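The next block holds one structure in the form of structure tokens; read it before the comments.
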Amino acid sequence: MELMRIDGYARIEDYALIGDGRTSALVALDGSVDWLCLPNLDSPSVFAALLDRERGGTFELQPVDAFEAARRYLPDTNVLETTFTTSTGVVRVVDALTLPGHGLEPMRELARSIEGVSGRVSMRWRFAPRFDYGRLAPRWERRGGMIIAGCEGESIALSAWNAGTVVATEGDRRGTFELAAGERALLAMSTAYAEPLIAAPRRDVEARLGHTIAFWKRWTDERHYEGPWKEAVRRSALVLKMLIFAASGASVAAPTTSLPESIGGTRNWDYRFCWIRDSNFLIDALLDLGCYDEARSLFWWFMHATALTEPALHVLYRLDGGTRATERELPLSGYRQSRPARVGNGAVDQLQLDIYGALFETAWLYSKGHHSLDHDTGVVLARVANRVCDIWRCPDSGIWEVRNGPFHFTHSKAMCWGALHRAVRLAEQGELPARHVDRWRKESAAILDFIDTRCWSESRRSYTRVAGDETLDASLLMLPTIRFPSHERVRATVDAISRGLRHDDFVYRYRVDDGVPGNEGCFLNCSFWLVSALARTGRVDQAASMMDRLVARANDVGLYSEEVEPANGTFLGNFPQALVHLALIEAAIAVGKRS
Amino acid sequence: MSVFWSAFGGGFLGTVVMTTLMRSAAEMGFTRMDLAFLLGTAATDNRRTAKVVGYLFHFALGIAFALLYGGFFAAIGWSSWWLGALIGALQALFTATVLVNVLLPAVHPRIGTPETGADEIALVEPPGFLMLNYGRNTFLVTLVAHIAYGAIVGWAVRV
């Protein structure tokens, strides 16, 4: 496969993700680990060459001579295998963030196993961590055969077996070695945070690598999906599992921050938070794929995280359940000079009404998935339903988190209708106290009336982006998914969006100013939403052929970023993005059920 | 009244006050800490019964700790509400830094820890240092509740 670095930056589609449910790393096609946060998904980075080639920090491993690279995930796992071919031979590198299971395990462990396949190949590695998003250089030591890079309470140790003599240079440690067919080398990076480092013997690292491969295979075997696009759905499930923070059950929208929505642009956001609306899609997907334990864990986290703020909900929560996500800029040059690189997310303080619909859809799906709600949860949800009655008439920032609002977004109102509709259904099933059901019914009817009288454009034959407007919005592709009534108008809206916002198989969110300077690509989740909407409105063949083409648009290991540049299909935005993979699963199931 | 029974009664009353304070703080949005839920989910993954089991367990612990307080007061030969409050404050510090943050996750089958990986499913999020994952005021609430508990036990125990 052709490797292309532009100004030292790999293309976004040239990355693959490895993870252990606690953190994750992006590995480039040329063997560089360019993104890793420690100890958790939302912690500061130690490798951030993704956002600054010079200052970010990286862990390179590649042949000395010119090479070609091909890669795959080991079947049904999140363990990456890269095969390097040079003029002198072939080597195979297996990368994994290992899981506990053999020996005294480090807090986190990145294992890089290298095997000679044929001929002889000279390899080189360079270990250059930088702490706190490149802000702090390490303090180097050499103890017990390990290279130790320390900084305040955090230490990283690199153990190298058959990987050459370690050479110290300014700011990094590096080595070269040669492998013949059948020979093996191993690099293992272990982490300690506020605890002593673990000096793991080679056999323990290799045993954990084997255990990790076995775990992922077992986990994948336990997923039940027999519909179309099976491989894409299984890969999406594996990606989503990596984005779930196992300690709490919360899930990040993406494991990265500030990958730009246009090269050189300013639309660079931190997605390492749990969005309520994503959780709704995630619970749906988890239940569909037979991940009942993960769905329950997420729902428990969901109700626990919202306990401090209910009946008001925040748009997003940190993985530890906190609500502070102050946005600030990092002293990094940004991916291909796309400044600023940010951490935190200013959307946390916005009013986004659609999340109330997402919460009730989550509760509804969870309840349908053979989990009854407990009494306290029912009482909380009833309070939230009353709040929806109080606030649905307010303008908000909407699903796209616009920064020039607030507006009366049609999608937000529809999701408020969905919230009250589900609240009534849950109350009828005895899951919610029924004292206020009449009010919920009355207000949901009022919302329907508002949408049908204020948000419909006869000239465009479509529901519009905001009340009294004439513009289109791809979020309305979700109307069939939430089973919004007015079937003819919903079908017409799907057609209007397909005509007005589509570019080949890619779909723009909207084509109006949203208060943020710069351009953006097409959001891939919108493409999969269109597939689902077409299937749900009776155009199954059309949906299936579009799905075929979109599945082929994944990168070489089946991952998607948030957006693509419609002109050439280049990936843009944070990567890999949960919402896109969730939309893929939903679309596959929607088409599969109707085929 | 003997040391045992006065400590028993003080422990019961102290736990009632402590539980009420913590529950009220949670209802007012100061913290997501729910001790009964946290303790009860060690025994069951049924949310409905976890809280019942948790309250029973919490009261048993409250009385057991009061008996330890009583033993300490008997050993030094005197007691007072302020000494009880001081021990309560120390107990809160121990609870927040070691007992709930480190020891409970080590034995609790459903609570996450910093080591929990993709091969495990945690139903309850880890409390974190000073239980701050459950809200920024959690330690303050815990401290006040334990001081109240200790003061009541110190006041009730007759040496």
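The values are calculated or read from the model by the stated rules, or taken from the named source; none is laboratory data. All values reported here derive from a predicted model rather than from experimental measurement. When we count neighbours, we look across all protein chains shown, and the Cβ atoms used for this are built from the backbone with ideal geometry, even at glycine.
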Within the range A:358-380, of all residues that are part of a loop (DSSP other than H, G, I, E, B) and not acidic (Asp, Glu), the one nearest to A:ARG483 (Cα to Cα) is A:GLY369
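Kindly indicate which of A:LEU240, A:LEU319 is surrounded by fewer than 24 Cβ atoms within 10 Å (Cβ to Cβ), within 17 Å of the chain's Cα centre (by Cα), within 12 Å of another protein chain (Cβ to nearest Cβ) and in contact (Cβ under 8 Å) with a residue 40 or more places away in the chain.
Working: A:LEU319 fails: surrounded by fewer than 24 Cβ atoms within 10 Å (Cβ to Cβ).
One residue alone meets the criteria, A:LEU240.
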Among residues of the range A:402-445 being closer than 30 Å to A:ASP513 by Cβ and in a loop (DSSP other than H, G, I, E, B), the residue modelled with the lowest pLDDT is A:GLY405
Among the residues that make up the range A:100-114, is at least one of them in a strand (DSSP E or B) and in contact with a Phe, Trp or Tyr (Cβ under 6 Å, 6 or more places away or on another chain)? no
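The rows are residues; the columns are (1) modelled with pLDDT under 95; (2) closer than 24 Å to A:PRO63 by Cβ; (3) surrounded by 14 or more Cβ atoms within 10 Å (Cβ to Cβ).
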site	(1), (2), (3)
A:GLY116	no, yes, yes
A:PRO138	yes, no, yes
A:GLU141	yes, no, no
A:TRP161	no, yes, yes
A:MET189	no, yes, yes
Does the range B:33-50 contain any residue that is without any contact (Cβ under 8 Å) to a residue 12 or more places away in the chain, away from chain A (no Cβ under 11 Å) and either on the phi < 0 side of the Ramachandran plot or assigned to a helix (DSSP H, G or I) (or both)? yes
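So which residues in the range B:105-123 are in contact (Cβ under 8 Å) with a residue 40 or more places away in the chain and within 14 Å of another protein chain (Cβ to nearest Cβ)?
To start, the set of residues in the range B:105-123 that are in contact (Cβ under 8 Å) with a residue 40 or more places away in the chain comprises B:107-111, B:123.
Selection gives B:HIS108, B:PRO109, B:ARG110, B:ILE111, B:LEU123.
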Condition first: charged (D, E, K, R), over 28 Å from A:GLY569 (Cα atoms) and either at pLDDT 95 or above or in contact with a Ser or Thr (Cβ under 7 Å, 6 or more places away or on another chain) (or both). Can you find one or more residues in the range A:271-278 that meet it? no
Could you check how many residues of the range A:454-476 are closer than 17 Å to A:GLY398 by Cα and buried (at least 17 other Cβ atoms within 10 Å of the Cβ)? 12
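Residue check: is A:THR58 within 14 Å of another protein chain (Cβ to nearest Cβ), in contact (Cβ under 8 Å) with a residue 60 or more places away in the chain and of a type outside the set (Asp, Glu)?
Working: within 14 Å of another protein chain (Cβ to nearest Cβ): no; in contact (Cβ under 8 Å) with a residue 60 or more places away in the chain: yes; of a type outside the set (Asp, Glu): yes.
No: the conditions fail for A:THR58.
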Please find, within the range A:278-294, the residue that is nearest to the other protein chains (Cβ to nearest Cβ) out of those that are part of a helix (DSSP H, G or I) and within 10 Å of B:ILE121 (Cβ to Cβ). A:ASP293
For A:TYR510, work out the one condition from (1) modelled with pLDDT of 95 or more; (2) touching an Asp or Glu at 6+ places or on another chain (Cβ under 9 Å); (3) under 22 Å from A:THR471 (Cα atoms) it doesn't fulfil. (1)
Within the range A:358-379, can you find the residues that are farther than 24 Å from A:LEU316 by Cβ and among the charged types (D, E, K, R)? A:LYS368, A:ASP374
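Residues are listed down the side, and each one gets a yes or a no for (1) buried (at least 24 other Cβ atoms within 10 Å of the Cβ); (2) at positive phi; (3) not hydroxyl-bearing (Ser, Thr, Tyr):
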residue	(1), (2), (3)
A:ILE391	no, no, yes
A:GLY398	yes, yes, yes
A:HIS411	yes, no, yes
A:CYS416	yes, no, yes
A:ARG422	yes, no, yes
A:ALA427	no, no, yes
Qualifying position, being in a helix (DSSP H, G or I), of a type outside the set (A, V, I, L, M), more than 19 Å from B:VAL159 (Cβ to Cβ) and touching a residue at least 24 places away in the same chain (Cβ under 8 Å), among B:TYR69, B:TYR55: B:TYR55
